[in-house]
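Student: What follows is a single structure, and I will ask about it in a moment.
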Amino acid sequence: MLELETLARYDQPVPRYTSYPTTPHFTETVDAETHAQWLAEIPGDESLSLYVHIPFCDTMCWFCGCHTRIVNRYEPVTAYLNHMTAEVERVANTLGKRHRASHVHWGGGTPTSLAPTDILRLSDAMRTHFDFDGESEFAVEIDPRGVGDDTIYALGKAGVTRASLGIQDFSPKVQQAVNRIQPFDETKRVIDGLRGVGITEINVDLMYGLPHQGVEEVLATIERVLELEPARLALFGYAHVPWMKTHQKMINEAALPGTEERWKQAEAAMTFLEDHGFITIGLDHFALENDPMAVALKTGALHRNFQGYTTDHAETLIGLGASSISSLPQGYTQNLPQINLYRRAIDDGHLPTARGVELSDNDRLRRAVIERLMCDLEIDLVQICAEHGETADTLAEARPKLEELAADGLIELDGDHITVTPDGRLLVRCVCAVFDVYLEMAEGKHSKAV
């Protein structure tokens with residue numbers, strides 16, 4: 001373990017690097033017209049990845065950092081779904097050609113807040129305009145609380161192949177502290193039901209750094225989770241950003257673990273999972289050895305996008321729904337986050353684009369460096385620069401900071417070859433930040449590193 005002084009020095013706000021440039025640097029100069037042009041330029045034989053955002057929940061989990069809205073009536077959900085199916089059609093028409101969907105991901109919010117009939121309606125709308133085949137992955141995020149057999153049946157009928165269940169922690173004290181009461185038996189019932197309708201690929205999301213959590217609580221939760229036999233786990237560090245997510249003010253800050261305790265939780269969890277047959281993937285994911293994500297790590301085919309680590313290699317990811325982000329060959333675009341403005345744009349016959357950023361050649365190089373570091377934990381700067389028609393001198397400004405990281409034990413530096421050390425893994429975002437020329441302009445926009 002690193003010295004506490006070193007940990008504290010690096011435990012500063014840094015991006016999660018699910019894109020580069022990161023979202024604080026998106027601007028309104030990229031608008032709906034730009035987005036439409038970029039979509040129309042995508043070759044017709046290219047497979048696409050589709051992300052759908054369902055921004056509704058029936059209760060607010062106080063740790064949540066997602067774009068969501070609490071609803072007690074279903075009418076807003078119905079209205080939103082009507083507009084989303086219209087957006088699916090509009091995007092497909094703008095593309096001008098029919099494309100294969102290699103990966104589909106529904107996130108939120110809570111996608112399973114949709115009524116079973118609407119799960120099928122949205123799935124049918126997507127299949128009407130995009131081609132799904134036997135190799136298409138269709139993943140849905142699920143909050144197990146209150147999920148009935150009819151919803152599980154609808155997910156199976158819709159063709160879902162992978163389910164990602166939010167758990168966070170099974171400790172009743174921790175659950176009460178974050179306003180998410182979720183018994184183990186309820187979670188198990190949903191997972192058993194999903195497997196019963198043919199959805200056998202199960203992911204679970206856990207968190208460390210929550211109020212009243214210690215190493216004992218984290219490991220006890222993981223031990224129960226292993227009884228559910230998931231193929232993948234994600235262990236995210238809770239990001240306490242109440243200045244951005246005001247509902248987090250409900251969390252008792254005095255009950256939050258400090259930097260050293262958070263580090264111990266993450267390291268203990270990693271060791272426990274590795275001892276139980278899981279491969280550590282990048283910063284915070286784990287997969288069984290025969291899972292496609294572990295295979296992708298071994299073969300250098302692992303990628304990172306707005307859903308985190310992924311086996312998706314599509315060059316184009318199209319985001320659908322309020323606040324969704326698209327990653328296109330030309331750059332990034334983001335939909336309007338306000339649901340009323342999103343719906344108005346659809347009603348007016350436009351794509352609901354709010355902002356974005358066009359990539360420069362230098363952005364593409366730095367994005368590639370950051371992605372490989374996040375995924376592989378090592379990189380040869382000479383090689384990757386050559387692949388982008390540049391020399392390593394293009395990144396020369398990073399050298400002093402890299403040498404400092406090496407002196408502190410976060411990386412090994414052999415000429416222009418960087419290897420993140422075991423102690424540096426949990427701080428890999430700090431290593432990536434060395435190559436981020438935009439970072440100083442986004443102070444206060446990101447969570448801490450540990």
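Student: Expected output is a single nm value to one decimal: the length gained when fully extending between Asn93 and Glu33, i.e. 0.36 nm times separation in residues minus the C-alpha distance. What is it?
Tutor: 20.2 nm
Student: Quick one: if the Förster radius is 51 Å, what FRET efficiency do Leu288 and Asp347 give, using the C-beta to C-beta distance and rounding to 0.05?
Tutor: Working from the Cβ atoms, E equals 0.65.
Student: With unit charges on the beta carbon (Lys/Arg positive, Asp/Glu negative), name the residue among Ile339, Val197, His313 whose Cα is farthest towards the positive pole of the charge dipole of the chain.
Tutor: Farthest towards the positive pole: Ile339.
Student: Please give, to one decimal in nm, the separation of the simple spin-label points placed at Met244 and Thr200, each 7 Å out from Cα toward the Cβ.
Tutor: Those two pseudo-labels are separated by 3.9 nm.
Student: Let me ask something else. Give the long-range amide H neighbours of Asn305: residues separated by 5 or more places, or on another chain, with amide H under 5 Å away, using H modelled in the peptide plane at 1.01 Å from N.
Tutor: Residues meeting the amide H criterion: Thr310.
Student: Please give the FRET efficiency for His417 paired with Arg9, using the beta carbon to beta carbon distance and R0 = 22 Å, rounded to the nearest 0.05.
Tutor: 0.35
Student: Additional query: Quick check: pseudo-label points 7 Å beyond the Cα along Cα→Cβ at Leu226 and Val295, how many nm apart are they?
Tutor: Between Leu226 and Val295, the simple spin-label model gives 2.5 nm.
Student: Would you work out which of Gln265, Thr18, Leu39 lies farthest towards the positive end of the dipole of the chain? Charges go on Cβ: Lys and Arg +1, Asp and Glu -1.
Tutor: The Cα lying farthest towards the positive end belongs to Leu39.
Student: Using a Förster distance of 41 Å, how high is the FRET efficiency between His276 and Glu253, based on the Cβ-Cβ distance and rounded to 0.05?
Tutor: 0.80
Student: Now for a different question. Just round it to a whole percent: the fraction of Cα-Cα distances in region 30-115 exceeding 17 Å.
Tutor: Looking at region 30-115, the distances longer than 17 Å represent 58 percent of pairs.
Student: Against the globular-protein guess of 2.2 N^0.38 Å, express the Cα radius of gyration of region 155-289 as a ratio, rounded to two decimals.
Tutor: 1.08
Student: As an exercise, find the ratio Rg/Rh for region 216-335 from alpha-carbon atoms, using the Kirkwood inverse-distance average for Rh. Present the calculation step by step, with values, prior to reporting the outcome.
Tutor: Values: Rg = 17.3 Å, Rh = 16.9 Å.
Rounded to two decimals, Rg/Rh equals 1.02.
Student: Are there DSSP H segments in the chain that both extend 15 Å or more along their axis (alpha-carbon positions) and score a mean Kyte-Doolittle hydropathy of at least 0.5? List them, or say none.
Tutor: Going by DSSP H runs, the hits are 215-226.
Student: If you don't mind, there's one more thing I want to ask. If you find the alpha carbon centre of region 338-362 and of region 242-266, how far apart are they in angstrom?
Tutor: 33 Å
Student: A further question follows. Taking only DSSP H segments of four or more residues, each worth -39500 (n - 2.57), what value at 222 nm results for the chain once the sum is divided by all its residues, to the nearest 500 deg cm²/dmol?
Tutor: Computed ellipticity for the chain at 222 nm equals -11000 deg cm²/dmol.
Student: Find how much the distance from His388 to His303 grows on full extension, using 0.36 nm per residue of separation minus their present alpha carbon separation; answer in nm with one decimal.
Tutor: The span from His388 to His303 would gain 28.8 nm if fully extended.
Student: Taking the structure as given and computing Cα extents along the principal axes in Å, which label from [x] 57, 52, 41; [y] 96, 50, 43; [z] 70, 54, 44 fits?
Tutor: So the structure-derived entry is [x].
Any read-out appearing in this document is the output of simple, stated calculations on the displayed coordinates, not a laboratory observation. From a predicted model like this one, the values you see are computed outputs, not experimental measurements. For neighbour counting, all protein chains shown are included, and Cβ atoms are generated from backbone atoms with ideal geometry for every residue, glycine included.
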